[in-house]
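Derivation of every value follows stated rules applied to the coordinates shown; laboratory data play no part. If you're wondering where the values come from, they're calculated on a predicted model, not measured in any experiment. Counting neighbours? That spans all protein chains shown, and the Cβs are built from the backbone with ideal geometry, glycine included.
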Amino acid sequence: MLATSLVMAMALVSAAPAGNVRIDGKEYVSASALVAARGMRCSVDERAGIYTLIDGERRYSMVPGFDVAHVDGRPVSMGASMIFRNGDVMIPAGLFSVSNAGRWVPSDGSIPLGKVILDPGHGGQDCGALGPTRIREKDVALSVALRLKALLEAEGVQVVMTRSNDTFIPLLQRSEMANRSGADLFLSIHCNGAASSAPSGVETFALTWSITDVTRAQKAAARLSPDDVVDGASCNVSRGAEQAIFSAYLSEQRRQSLDLARALQAEMTRNLGEEDRGVKVKNLSVLRETYVPAALAEIGFITHRETEGKMRSAAWRQKIAEALAAGLGRYARGEAARVGNIAGSAPYAPASRVRQVAGR
Ligand SMILES: [Zn+2]
């Protein structure tokens, strides 16, 4: 790594970011003020264009032009992108409130996840698919999601819901909530529907390969106005380099999403005894626009008479929630082992916390 450490240890004056500056209606704080006021260190990877602020144990990594930062390796939305002004690096002040609110708290339970965002499909005027006796997908999805929320919270995992009642939330808004949440993963819960009553079984979706991570990075960058990057060229960070970083980040997010989908599918199949329709890929907006690991679980065909009958029962919905919790546990332990195995990196969660939850 081409890291130039600009260590500027100065007197710590105040814990609050001194001297917030308003630029185009958004609050920023300059990196040099943070270094001066908080004794933070700043390091720049010139080749990769990654700016890292080090505050004690905590590391904030940012790429100019992108509003997603990494705080201790976890993606966090800053609400605005990092920019340059008068030779200084300007950091959205929102980063500090968001990252403190959503800071990584190690789970004391058996699922090594800090925070999860659950997305019950449909809601409000959008009922989703209907069963033969008019059971509505939106109600089943919400019931399962609320049950899963309770299971995860009992394991010490923080849960954010895109909806916790019968309201309609647009798809893009669901993704934006996920991107802002600082969550470890996003899980959308749906019931399948078919024109015929024959199909049954469970399946899980991940993002299709037909949209590349480079395209997603370009799309994300295109949403930013050119004014968001002020004097960017003077700091040798080209838009192309930013996109390369972000697409590399998205490739990792895609790998995690596939692992998440596989873990969920394996546990649903194992715990529910339903037909295994496998992990599938699709260009779903809610997956494409979400920058945290994301999967969509189809928990059964509501149009299948026998499945609909099971979905009526609270006990079955609880069983689905337990299967999904086991899937999240399987994924999280896989990630913990993977990160722990990368030389030099801190373990994702203490091994003692990584216990078997599957099969309870
Ligand atoms: Zn649906």
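Structure note, pairs K138/K280; K138/K282; K26/K149: Cα-Cα distances above 32 angstrom occur for K26/K149. Among the trypsin sites (Lys or Arg not before Pro) in segment 123-228, those located in a DSSP loop and surrounded by at most 10 other Cβ atoms within 10 Å of their own Cβ are R134, R223. Stretched out straight at 0.36 nm per residue, the stretch from R22 to R59 would grow longer than its current Cα-Cα span by 10.9 nm.
Between I211 and A315, the simple label model (points 7 Å from Cα in the Cβ direction) yields a spacing of 4.2 nm. Per-residue Cβ neighbour counts within 10 Å put K319, K115 in the sequence K319, K115, beginning with the fewest.
Within segment 134-193, none of the GluC sites (Glu not before Pro) combine a DSSP coil assignment with at most 11 other C-beta atoms in a 10 angstrom radius.
Net charge near R277: determine it from the other residues with C-beta under 10 Å of the C-beta of R277, scoring Lys and Arg +1 and Asp and Glu -1. Intermediate values should be presented prior to the final figure.
Numbers: positive: K280; negative: E203, E274, E275, D276, E298.
Net charge in that neighbourhood comes out at -4.
Listed by chain and number, the aspartates and glutamates whose alpha-carbon sits under 18 Å from that of K115, ignoring those within fewer than 8 places in the same chain, are D72, E153, E155, E176, D184, D259, E322, E335.
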